[in-house]
Amino acid sequence: PNVCAVQKLIGTNRKYFTNCKQWYQRKICGKSTVISYECCPGYEKVPGEKGCPAALPLSNIYETLGVVGSATTQLYSDRSNLRPEIEGPGSFTIFAPSNEAWASLPAETLDSLVSNVNIELLNALRYHMVNKRVLTDDLKHGTTLNSMYQDLPIQIHHYPNGIVTVNCARLLKADHHATNGVVHVIDKVIATTTNSIQQIIETEESLETLRAAVAASDLNSLLESEGQYTLLAPTNEAFEKIPRETLNRILGDPEALRDLLNHHILKSAMCAEAIIAGLTMETLEGTTLDVGCSGEELTLNGKPIIANKDILATNGVVHFVNELLIPDSAKTLFELAQESEVSKSTDLFRQAGLSSHLTGSERVTLLAPVNDVFKDGLPVIDNNMKNLLLNHIVREQLSSKYLYHGQKLQTLGDKELRVFVYRNNLCIENACIAAHDKRGRFGTLFSVDKMLTPPSGSVMDVLKADHRFSTLVAAIQSAGLTENLNRPGTFTVFAPTNEAFRAMPQGELNKLMGNAKELANILKFHVADEILVSGAVNALVRLKSMQGDKLEVSMKNNVIHVNKEPVAESDIMATNGVIYAMNSVLQPQASRPQERGDEPADPALEIFKQASALSKVSQRNPRLAPVYSRLLARMKNSGGF
């Protein structure tokens, strides 16, 4: 009973008196602590018994100061003639600096206090007092208490991690009762504050550039107003580190400048002593900053850039920072991309002469492939590549959370791109978004997982243009499905290549090609009436085919499989769907024919075989092209179309 746990930070004099709500997992600012146990103030050990069972009698505040580790405050109370008051009747609260707190004061400050004991030291001590009993339960976040020195306010902050600060001094030992009040031990000697944040900016020479920026953005009134803010004040040095061109652009753009400054203002007062681990805090700009600590240093977004901390103001606290924190909303697309995993994409756009679209005031969205897409090197820039890159720039500034399935986007290359919303992904054509948006001043950056392929014709147009599918095209035409795959729609076509047809048993192929109804049935089994790009396939996706049976699409070892058959090529985009090249012919489970080799040859099959063979040859030898055309004409005359 009555034993207090104390965490001591190794290598420092810092102590944290912990309870269940304030247990910091034995680390403070990433540094290990040593746990020790001692009798809580007001109790002592009894030989042979556990803990600290013996309660000491209450004494007055003056005597209590010596018991709780604030003997220096006790000494100065005697010297300044405060002792009679805190020994006498009343109900007081004193925030008593620890012995270490007095010892850490600059020598000249301490000398000026102690040498003028009748005035300055007394006033300083009375500023640490409140003329009523105030326990920690009464120390609410953001409240002020009137001190016993000219009723000047003392600022109280009670943070979610349990730490309480008094004018940014940390409460070390709380609620030590005395006959005439209560004693709280704090880790600093606190001083009066009369300046607002704005007045601190106006009087501090190292904040001259910030002063001009605040005036230009009309933030003076906010920083003078009542409230509890934290200003991360960039010094002149911080502004000088920014490229002149970037700084001039921001200073000359009122909206970007206001966003920049609001990004340095936190919505609540955050004293340095309250930060014992990383936490995320919201800025006035609406973004967040990661505020943390490493040993004795405060960090912002992981960087130890806070040069001077805990300058208290009447409406908050100021920390000086030696690096400018530029929010995304004040950056160009080029700046956003250079700091992201798409820096190689920006090199590609720059080489293609498209930098102006990434640095200007044009409202656009950049679909930038991540660096991994170019692990084998950047593609060669030619007219086709430049046009493709223009189709990675959408004509308006978008936000991915507002995109919807089927939405059409217009590119600078005059192509129309479709949006596909899936359960586990959001894709634009075949490229899926790989990271959160970065919204800049005029443009938004979408990081995508591959180079985008704009559609270039209907499903039938794409199949006809690719010699690998000549047998499939002939089969589609023979089965009367051409019109279906030419019309507007949302098809996913698992397209068997010529190789797939050649791999079928001869008897099975003869039977299939000789039966138009069965051929149509098999072909419909290869088509689903919804678009599924590869980025939407996680473990398993089921699609209903136009034939009626289910198709199971899965991803194994980064290869798409359909009904366990591997896909040769994914995401061949068409205006009315997407095509997957298959080196096998899929068949519905219930109607898979047995292999037979004794079927008679069918004339139509011979045409298909010749069509498949000649499609490649005709491309190599222009003299054979008329022969291929005559074969197709024979099919048409036989009524197969």
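The values are calculated or read from the model by the stated rules, or taken from the named source; none is laboratory data. Computed from a predicted model, the values in this text were never measured in an experiment. No Cβ is skipped: glycine too gets one built from the backbone with ideal geometry, and neighbour counts run over all protein chains shown. Please note that ligands, DNA and RNA were not included when accessible areas were found on the heavy atoms of the full protein model with its side chains. Shrake-Rupley method; radii C 1.70, N 1.55, O 1.52, S 1.80 Å.
From the list (i) 61, 27, 23; (ii) 45, 26, 22; (iii) 78, 30, 17, can you say which value of semi-axes √(5λ) of the Cα gyration tensor in Å was derived from the structure given? Of the listed options (i) 61, 27, 23; (ii) 45, 26, 22; (iii) 78, 30, 17, (iii) comes from this structure.
Its alpha carbons give the range 344-407 an Rg and a Dmax of 12.8, 35 Å.
Only protein atoms count toward the accessible area here, which uses a 1.4 Å probe; on the chain, the carbon and sulfur part of that area reaches 48 percent. Among beta bridges from DSSP that stay inside the chain, the antiparallel ones total about 75%. The residues of the range 331-448 present an accessible area of 48 Å² per residue when probed at 1.4 Å with all protein chains retained.
Using a cutoff of 8 angstrom between alpha carbon atoms and counting only pairs six or more residues apart, the relative contact order for the range 459-582 works out to 28 percent.
Only Lys, Arg, Asp and Glu carry charge here, each on its Cβ (+1 for the first two, -1 for the last two); on that basis the range 125-253 has a dipole of about 600 debye about its Cα centre. Put a plus charge on the Cβ of each Lys and Arg, a minus charge on the Cβ of each Asp and Glu, and nothing anywhere else: the dipole of the chain about its Cα centre is then about 2680 debye. Length gained on full extension, residue 37 to residue 146: 35.7 nm, using 0.36 nm per residue less the C-alpha separation. Taking a span of 15 Å or more along the helix axis (Cα atoms) and a mean Kyte-Doolittle hydropathy of at least -0.5 as the rule, the DSSP H helices of the chain that qualify are 603-620, 625-637. Restricting attention to the range 459-582, lysine pairs at least eight places apart or on different chains and with alpha-carbon atoms under 22 angstrom apart total 11.
Taking amide H as placed 1.01 Å from N in the peptide plane, the amide H of residue 431 sits under 5 Å from that of 453, each at least 5 places away or on another chain. Taking the Kirkwood radius as Rh and the Cα radius of gyration as Rg, the range 79-130 has a ratio of Rg/Rh equal to 0.98.
A probe of 1.4 angstrom, applied to the heavy atoms of all protein chains, finds residue 467 with accessible area near 80 square angstrom. When the chain is described by a simple charge dipole with +1 on each Lys and Arg Cβ and -1 on each Asp and Glu Cβ, the residue from 209, 534, 586 located farthest towards its positive end is 586.
Under 5 Å from the amide H of residue 551 lie the amide H atoms of 543, 544, 545, each residue being 5 or more positions distant or on a separate chain, with H modelled from the backbone and absent for Pro and chain starts.
Projecting the Cα positions of 304, 321, 333 onto the charge dipole of the range 288-354 (unit charges on Cβ atoms of Lys, Arg, Asp and Glu, taken about the Cα centre) puts 333 furthest along the positive direction. For the chain, adding -39500 (n - 2.57) for each run of n ≥ 4 DSSP H residues and dividing by the number of residues yields -7500 deg cm²/dmol at 222 nm.
Averaging Cα coordinates gives a centre for the range 179-230 and one for the range 439-461; these two points are 48 Å apart. Close amide H contacts of residue 574 (hydrogens built in the peptide plane, cut-off under 5 Å, sequence separation of 5 or more or a different chain): 579.
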